[in-house]
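The values are calculated or read from the model by the stated rules, or taken from the named source; none is laboratory data. As the structure is a prediction and not an experimental result, all values here were calculated from the model. Reconstructed Cβ throughout: ideal geometry from the backbone, glycine too, with neighbour counts over all protein chains shown.
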Amino acid sequence: MLSKSRQHAESGFTLIELMVVVLIIGILVAIALPTFLGARARAADGAAKANLKNAMTAGVSYYVGNGSFTGFDTPGNADLEDSSIDWLYGGAAQRGRVTIDLAEGEYLVLSSASDPARTFCIAISYAAPAVQIRGGIDGDGATATPLLDLRCTVPTW
């Protein structure tokens, strides 16, 4: 049988055991943190893309009713088609908002941002299939065809 002083000396953790636990926790945090931050960015990208697709549906609805996209970029007209979208009539793309970059005749170009570094665009043209969007919204002069996703700045989707 151990004496009381011997039992007391064997209880608890050693400094090395505590350091190993802290090291393991540090490694787990180092692995989990970048994954979490990446998931957050992907979620913001997904929200921006979903807003654009819903906005495009509203734009097509306007086109069907009016025979043209002209006037869709007038304050209030886009809200009549979908009031749940936070519309921006011109200007730089913003997070949580859909910017109407071009709404004229057979052409509609919309953009949205998930953060200042990532902007997404979607365009539609009911004109001839090889007609180019004015100014080449993607910087490469890509042609616009119905529901063509265009690269605005950094990412491709």
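Structure notes:
- Residue within the range 81-96 that is touching a Phe, Trp or Tyr at 6+ places or on another chain (Cβ under 7 Å) and under 15 Å from residue 121 (Cβ atoms) present: no
Let's see how each residue does on (1) modelled with pLDDT under 85; (2) under 17 Å from the mean Cα position of the chain (by Cα); (3) in a helix (DSSP H, G or I):
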| position | (1), (2), (3) |
| --- | --- |
| 6 | yes, no, yes |
| 22 | no, no, yes |
| 32 | no, no, yes |
| 43 | no, yes, yes |
| 47 | no, yes, yes |
| 53 | no, yes, yes |
| 64 | no, no, yes |
| 68 | no, no, no |
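- Evaluated against (1) at pLDDT 90 or above; (2) under 17 Å from the mean Cα position of the chain (by Cα), residue 80 falls short on exactly one condition, (2).
- In the range 86-110, the residues that are out of contact with any Leu (no Cβ under 6 Å at 6 or more places or on another chain) and of a type in the set (D, E, K, R): 86, 95, 101, 104, 106
- Being exposed (fewer than 13 other Cβ atoms within 10 Å of the Cβ) and at pLDDT 90 or above is a property that residue 85 lacks.
- Residue, surrounded by the most Cβ atoms within 10 Å (Cβ to Cβ), within the range 53-78, restricted to residues that are over 14 Å from residue 98 (Cα atoms) and in contact (Cβ under 8 Å) with a residue 40 or more places away in the chain: 63
- The residues of the range 70-104 that are among the aromatic types (Phe, Trp, Tyr) and in a strand (DSSP E or B) amount to a single one, 87.
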